[in-house]
Amino acid sequence: MTHFIRFSFHRLCLIFGLLFLTVGCDQVTKVLARDVLAVDRPLTYFNELVQLEHAENPGAFMSLGSALDSKLRFWIFTIAVALFLGVSLFLLLKKSGLNKMTTLAMTLLIGGGLGNLVDRVAKGTVTDFIILGQGVWRTGVFNIADMAIVAGVAILAIRSMKLKEPVR
């Protein structure tokens, strides 16, 4: 029983510590992006491999849904996402049998979602500012929350492929 309590405590520390770090880093970098970066003059580093440029995104990943009516965007990207994240966090906390990598991946997904949700609730848009690539091969504009979401998905995908069974 003591082992289970210790494991549960460590698991909760992992989940809430990583959520705090993910959302905190995301929000701090977004404040810096809004305060320091100009839309008309991006900062470039490493021979233009990394570009920092402030952009406000009313849609989702790669501006998907940005042309939707603002009320519909609110219901999809704020209300539905908040419900999804709430249910996901509840299930993550309730399902104590998850291994550490799945717990890590799910926490990154939820933390990234929360980071972007904070922006939507506060401003109605999400602050993006990072572009990677060279020449015509460039990513869209993204942020730290998006990186956490992609990392979570990648961990789940790799784990699923390695195990050749559903992730649990």
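Quick look at the values:
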quantity: Debye equation applied to the C-alpha atoms of region 2-163, log10 I(q)/I(0) at 0.11, 0.15, 0.21 Å⁻¹; calculated: -0.51, -0.88, -1.35
quantity: Fewest-first ranking of LEU89, LEU114, using other Cβ atoms within 10 Å as the exposure measure; calculated: LEU89, LEU114
quantity: Spin-label pair PHE9/PHE46, simplified geometry with 7 Å Cα→Cβ offset, distance in nm; calculated: 4.1 nm
quantity: Sorted by Cβ density within 10 Å, fewest first, the residues MET62, MET147; calculated: MET62, MET147
quantity: Farthest toward positive dipole pole in the chain [+1 Lys/Arg, -1 Asp/Glu at C-beta], among PHE90, LEU117, ALA60; calculated: PHE90
quantity: Farthest toward positive dipole pole in the chain [+1 Lys/Arg, -1 Asp/Glu at C-beta], among MET147, MET161, TYR45; calculated: MET161
quantity: Cα-centre dipole for region 1-111 with unit charges at Cβ (Lys and Arg positive, Asp and Glu negative), debye to 20; calculated: 700 debye
quantity: Residue order, fewest to most surrounding Cβ atoms within 10 angstrom, among TRP137, TRP75; calculated: TRP137, TRP75
quantity: Most fluctuating residue given options GLN27, GLN51, GLN134, as computed from a GNM of the chain linking Cα atoms under 10 Å; calculated: GLN134
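Here, each number is a calculation from the coordinates, and none is a lab measurement. Bear in mind that the values here come from a model prediction, so they are computed numbers and not experimental data. For neighbour counting, all protein chains shown are included, and Cβ atoms are generated from backbone atoms with ideal geometry for every residue, glycine included.
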